[in-house]
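To start, the structure under review is shown below, and the notes come after it.
The values are calculated or read from the model by the stated rules, or taken from the named source; none is laboratory data. Being a predicted model, the structure only gives us computed values, none of them experimental. Cβ placement follows ideal geometry from the backbone for every residue including glycine, while neighbour counts extend to all protein chains displayed. Surface areas here come from the heavy atoms of the whole protein model, side chains and all, with no ligands, DNA or RNA. Shrake-Rupley method; radii C 1.70, N 1.55, O 1.52, S 1.80 Å.
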Amino acid sequence: VKDVILKGGEMVLRTYKGENIINMNVWINHFQTTHSTTPFILHFNKIKLIDGRFAVINDNTRTYPTDNSMDYGFFEFKNVDAEIENFLVHGPEVSCDIKQVSTEQYTGFKIKTFTGKFKIKHSESNNH
């Protein structure tokens with residue numbers, strides 16, 4: 001697949017109550033324990049996100065505030081619009097070029113324009 005357009009997509013990184021590992025690490029660990037001689041590879045030239053959502057939830061530390069204060073167990077970006085190039089999953093490593101991102105957070109924090117390069121390896125994602 002060369003190009004992807006995703007409308008209304010969601011990515012939720014979640015640590016469930018009583019657990020100590022983020023749901024994505026379960027997926028990453030699966031590829032670490034696979035006894036294949038070739039690494040898992042997934043590549044997209046371009047990804048366009050329209051009106052997406054990104055959340056990090058830790059059910060062990062959620063506070064559910066009733067005012068507009070920050071709940072460090074729940075962090076959410078909504079209305080995510082992004083253009084990403086060279087998205088690559090190569091074994092335990094994920095990388096991409098972020099050409100543009102705009103989004104807002106429920107407390108009123110907004111990002112109008114964000115660009116950069118992203119890269120993470122399994123050994124760097126062990127922090128919970």
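For the reader, a short list of remarks on this structure follows.
- Residue within the stretch 84-91 that is modelled with pLDDT under 95 and in contact with an Asp or Glu (Cβ under 7 Å, 6 or more places away or on another chain) present: no
- Number of the exception - residue 93 against (1) among the acidic types (Asp, Glu); (2) over 16 Å from the mean Cα position of the chain (by Cα); (3) surrounded by 14 or more Cβ atoms within 10 Å (Cβ to Cβ): (2)
Residue-by-condition table, conditions (1) touching a residue at least 40 places away in the same chain (Cβ under 8 Å); (2) of a type in the set (Val, Ile, Thr):
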residue: 39; (1), (2): yes, no
residue: 65; (1), (2): no, no
residue: 99; (1), (2): no, no
residue: 103; (1), (2): yes, yes
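- Residue, least open to solvent (accessible area, probe 1.4 Å), within the stretch 45-76, restricted to residues that are at pLDDT 95 or above and over 20 Å from residue 22 (Cβ atoms): 47
- For residue 42: the one exception among (1) surrounded by fewer than 11 Cβ atoms within 10 Å (Cβ to Cβ); (2) more than 18 Å from the chain's Cα centre (by Cα); (3) not β-branched (Val, Ile, Thr): (2)
- A search for C-beta distances below 7 Å between a residue of the stretch 106-118 that is at positive phi and any residue that is assigned to a strand (DSSP E or B) and surrounded by 11 or more Cβ atoms within 10 Å (Cβ to Cβ), counting only pairs 6+ apart in sequence or on different chains, returns 116/98.
- Cβ-Cβ under 7 Å pairs, at least 6 apart or on other chains, the stretch 7-21 side part of a loop (DSSP other than H, G, I, E, B), far side open to solvent by 60 Å² or more (accessible area, probe 1.4 Å): 8/51; 17/60; 20/128; 21/128
- Whichever residue in the stretch 77-87 is within 17 Å of residue 109 (Cα to Cα) and open to solvent by 30 Å² or more (accessible area, probe 1.4 Å) and, among such residues, is nearest to the chain's Cα centre (by Cα): 77
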